[in-house]
Amino acid sequence: MKKLNIASLFALAMTLSACGGVGGRGLESVHQPVVSRNDYALDVSTSAGGLASTDAAKLSGWFDALQLGYGDKVSIDLGGNYNDGAARAAVATIAARYGLLLQDVPPALMGDVGPGGARVIVSRLKAAVPTCPNWKGSGEPNFSNKSSSNYGCATNSNIAAMIADPEDLVRGRGAAGTTDVNSSSKGVVLYRSQAPTGTGGLKTPGGSN
């Protein structure tokens, strides 16, 4: 009967644990937010005053259906048409009702814009962590002291869910050039202005026999 080689068994266990579902050795999570973009397009007719009256109403209804809001990018592709000033102004006016500014350069989409028309494009970005949750290594030994396979999923998934503009995860946000004291202190002022919850006294529980 052969003797068991403890050193060989330990080396085998280390090899198997390295092939498992544990994470990395550092504090940086392998699960990072991924930003995806979807482009939605609507072709409208233009006129000397900007947009045809029926198409202006159609554009507003389309924005409502998309639930247009902060973080969406609105642009217009006029193709080879030259009444760009009036059409851009008309689309910018409608987009302003939703608190959005018109982008300078539209994304490149397939298909040409017909004569006398324009293409309004809404680009919507979404952030998510597609590799989460990951519990593959929860039941495996971790002799190399690596982080768990799910390490970082909660933090980065919350960031992806809460960020108002997912593009900030890609490009970052540059300095505005000015400091808005009211914005920076808004949370503190709101916290201090709230009355304590105990000022109303204790409620007497009611009931019937």
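Read-outs: derived from the displayed coordinates by stated rules, not from any lab. This is a predicted model, so every value here is computed, not measured.
Overview of values
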item	result
Karplus-derived HN-Hα couplings along region 133-142 (A = 6.51, B = -1.76, C = 1.60, θ = phi - 60°), whole Hz, x at Gly and Pro	x, 9, 10, 4, x, 5, x, 9, x, 10
Linear extension gain, Ala164 paired with Val105, 0.36 nm per residue minus alpha-carbon span	19.1 nm
